[in-house]
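This report concerns only the one structure given below.
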Amino acid sequence: MDKLVIEGGIKLKGEVTVSGSKNAVLPILAATLLTDEPCIIRNAPALRDTNTMLKILRSLGKNAEFDKGIVFISSTKHANFIADYKLVSTMRASFCVLGPMLAKLKKAKVSLPGGCIIGVRPVDLHLKGIKSLGADITVESGYVLAKANYLKGNYVYLGGVYGSSVLATDNVMMAATLARGRTVIESAACEPEVADLAEFLIKMGAKIKGHGTPTIEIEGVKQLRGAEHTIIPDRIEAGTMMLAALITKGDITIKNIRFEHLGALIDKLDEAGASVMKTDSSIRMRLKNKLNAINVTTLPYPGFPTDMQAQIMSLMSVTPGISVITEKIYPDRFMHVAELNRMGARIQREGPHAIVEGVKQLSGAPVMASDLRASACLVLAGLVASGKNSVSRIYHLERGYENIEEKLRGLGAKIWREKE
Ligand code: EPZ
């Protein structure tokens with residue numbers, strides 16, 4: 001396994017271009033299961049998770065090639081309806097092959113994804129939605145088996161105790177595209193990645209309205225055709241780079257972004273003392289003068305994204321004053337607290353809250369990544385810590401950030417890879 005070594009204390013300066021969105025490309029690749037015709041997906045990020053999804057598609061009977069950011073998908077003669085535990089258990093997003101496979105093949109057997117370090121991660125809303133379209137669902141020996149002679153459109157409320165569900169919305173929306181009649185998903189997830197999936201499905205011939213709002217309407221059609229699509233930029237990578245500018249007191253222009261996807265984050269960074277200059281599709285991020293402590297609560301989109309919670313905690317750990325970070329989506333998503341405290345941060349967890357008392361300086365220390373966004377948080381902390389900092393288990397980071405060390409080195413960071 002590799003680790004990243006970072007020598008902190010350098011102000012990052014320059015330009016960086018954001019890659020395509022991990023959380024858009026994964027369901028969109030799954031959606032190619034809805035047609036036998038070829039699909040071309042552009043601006044696909046070269047990530048561990050993208051490769052995992054391509055492996056799953058191949059195991060389900062697709063040809064899937066990835067070349068310089070473009071994915072070419074076509075069908076072989078043998079469609080398979082079983083998504084195997086070995087692959088699904090490594091990436092929760094694979095569960096969103098359930099809806100398209102069921103709609104296309106009238107049956108699907110998908111391993112339950114299991115929990116992960118950020119929480120239990122149930123799939124009850126996925127199953128509720130698929131069942132509401134008329135599927136028979138059985139769960140046995142760790143697999144969900146769904147069958148239906150045909151799917152029938154229905155009204156389904158998909159809100160859960162933690163609000164809407166991104167991948168459950170994706171699963172039900174994809175299944176509904178080939179159902180008979182009209183489906184209304186109430187309390188649907190509004191994330192831009194859900195809207196991007198809907199745009200791809202519409203290019204395939206699906207009839208969808210209301211995507212990006214809490215109420216999505218789908219009019220089922222007989223079949224879907226192949227399509228081409230360009231993935232939206234990754235708003236979480238963009239946000240992570242914005243924080244890299246602020247935490248190092250540098251000056252970074254982040255290119256290829258969509259402001260409308262970053263409203264809550266930009267609002268909070270403005271409150272924290274950022275100087276935000278927007279041009280057509282880029283943002284220049286610097287500090288106005290000093291950092292101010294802020295309070296952050298994560299919420300479903302368009303609220304502050306849970307996927308930026310660990311990263312903003314790094315920034316607040318070196319911001320004078322007391323900041324309170326409240327995690328409303330995954331109340332256990334605080335594995336990074338202990339690692340930041342090993343670097344000299346002063347963070348106390350109180351249930352779904354983390355109380356952060358800013359310190360003058362973090363000190364470099366060997367730390368361990370526990371999940372994708374926690375690893376990004378530790379890299380940000382390493383950029384500003386004194387001395388050398390090493391982040392181990394960086395395969396977590398490789399799941400969701402394309403060439404992050406090259407991108408950071410391009411901004412002046414002293415960061416390199418070593419064998420563990
Ligand atoms: C997506 O996961 C993202 N992953 C996550 O990003 C992101 O953190 C999450 O949405 C929330 O924004 C992808 O898009 C691939 P949810 P998803 O269903 O869809 C509960 C990253 O770092 N819930 O929206 O799996 C769930 O436990 C990853 O890029 C149920 O209760 O998340 C959570 O508390 C991490 N029942 C809340 O809903 C269900 O059936 C939101 O989860 C499903 C979810």
Response to the item:
Of the candidates Thr253, Thr319, Thr297, the one satisfying the condition of being part of a loop (DSSP other than H, G, I, E, B) and away from the ligand (no atom under 12 Å from the Cβ) is Thr319
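Residues checked against (1) surrounded by fewer than 24 Cβ atoms within 10 Å (Cβ to Cβ); (2) of a type in the set (Val, Ile, Thr); (3) in the same structural domain as Phe304 (by TED's automatic domain parsing):
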| site | (1), (2), (3) |
| --- | --- |
| Ala244 | no, no, yes |
| Lys249 | yes, no, yes |
| Thr253 | yes, yes, yes |
| Gly263 | yes, no, yes |
Worksheet item: Taking the condition of a type in the set (A, V, I, L, M, F, W, C) and touching an Asp or Glu at 6+ places or on another chain (Cβ under 8 Å), does Met368 pass?
Response: yes
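What tally of residues in region 167-192 results from selecting those that are under 16 Å from Thr215 (Cβ atoms) and near the ligand (Cβ under 10 Å from one of its atoms)?
Going residue by residue through region 167-192, those that are under 16 Å from Thr215 (Cβ atoms) are 168-170, 172-173, 176, 182-191.
Among the residues that remain, those that are also near the ligand (Cβ under 10 Å from one of its atoms) are: 168-170, 189, 191.
Counting residues in region 167-192 that are under 16 Å from Thr215 (Cβ atoms) and near the ligand (Cβ under 10 Å from one of its atoms) gives 5.
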Response to the item:
When region 367-390 is checked residue by residue, the ones that are in contact (Cβ under 8 Å) with a residue 60 or more places away in the chain and more than 16 Å from the ligand (Cβ to nearest atom) are Ala381, Gly382, Leu383, Val384, Ala385, Ser386, Gly387, Lys388, Asn389, Ser390
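The rows are residues; the columns are (1) within 24 Å of Tyr330 (Cβ to Cβ); (2) in a helix (DSSP H, G or I).
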residue	(1), (2)
Phe72	no, no
Lys77	no, no
Lys86	no, yes
Phe95	yes, yes
Pro100	no, yes
Lys104	no, yes
Lys109	no, no
Worksheet, complete the sentence: Residue pairs within 7 Å by beta carbon, gap of at least six or interchain, first lying in region 122-143 and near the ligand (Cβ under 9 Å from one of its atoms), second open to solvent by 40 Å² or more (accessible area, probe 1.4 Å), listed first then second, are Val123/Leu112
Practice prompt. Of all residues in region 145-202, count the ones that are more than 16 Å from the chain's Cα centre (by Cα) and in a loop (DSSP other than H, G, I, E, B).
Written response: 16
Discussion item. For region 86-115, which positions are of a type in the set (Val, Ile, Thr) and either open to solvent by 10 Å² or more (accessible area, probe 1.4 Å) or within 11 Å of the ligand (Cβ to nearest atom) (or both)?
Written reply: Thr90
Fill in: Checking Leu4 against (1) open to solvent by less than 60 Å² (accessible area, probe 1.4 Å); (2) touching a His at 6+ places or on another chain (Cβ under 8 Å), the condition it does not meet
(2)
Worksheet item: Failed condition for Ile118, given (1) modelled with pLDDT under 95; (2) surrounded by fewer than 16 Cβ atoms within 10 Å (Cβ to Cβ); (3) near the ligand (Cβ under 8 Å from one of its atoms), with all others met?
Response: (2)
Discussion item. Can you tell me which condition Ile329 does not meet? The list is (1) without any contact (Cβ under 8 Å) to a residue 40 or more places away in the chain; (2) not assigned by TED's automatic domain parsing to the domain that holds Thr183, and all the others hold.
Written reply: (1)
Worksheet item: How many residues are open to solvent by less than 20 Å² (accessible area, probe 1.4 Å) and either of a type in the set (S, T, N, Q) or not in a loop (DSSP other than H, G, I, E, B) (or both) when one looks only at region 348-367?
Response: 3
Item to complete: Just one of (1) within 16 Å of the ligand (Cβ to nearest atom); (2) more than 19 Å from Ser94 (Cα to Cα); (3) not small (Gly, Ala, Ser) trips up Lys222, so point out which.
Response: (1)
Worksheet item: Residue check: is Thr306 closer than 20 Å to Pro122 by Cα, open to solvent by 10 Å² or more (accessible area, probe 1.4 Å) and at pLDDT 95 or above?
Response: yes
Discussion item. Looking only at region 234-273, count every residue that is farther than 16 Å from Leu383 by Cβ and small (Gly, Ala, Ser) and tell me the total.
Written reply: 5
Worksheet item: Of all residues in region 398-408, which are within 15 Å of the ligand (Cβ to nearest atom) and surrounded by fewer than 24 Cβ atoms within 10 Å (Cβ to Cβ)?
Response: Glu398, Arg399, Glu402
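Quick one: is Pro45 outside any strand (DSSP E or B), closer than 18 Å to Asp170 by Cα, open to solvent by less than 10 Å² (accessible area, probe 1.4 Å) and within 16 Å of the ligand (Cβ to nearest atom)?
no
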Worksheet item: Which condition number does Ala83 fail, the rest of (1) modelled with pLDDT of 95 or more; (2) crowded, with 18+ Cβ neighbours inside 10 Å; (3) more than 23 Å from Gly239 (Cβ to Cβ) being met?
Response: (1)
Practice prompt. Please work out if Pro331 is at pLDDT 95 or above and either in a loop (DSSP other than H, G, I, E, B) or within 16 Å of the ligand (Cβ to nearest atom) (or both).
Written response: no
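The values are calculated or read from the model by the stated rules, or taken from the named source; none is laboratory data. What you are looking at is a predicted structure, and each value in this text was computed from that prediction instead of being measured. Backbone-built Cβ (ideal geometry, glycine too); neighbour counts: all protein chains shown. Areas reflect the complete protein model, heavy atoms only, side chains present, ligands, DNA and RNA absent. Shrake-Rupley method; radii C 1.70, N 1.55, O 1.52, S 1.80 Å.
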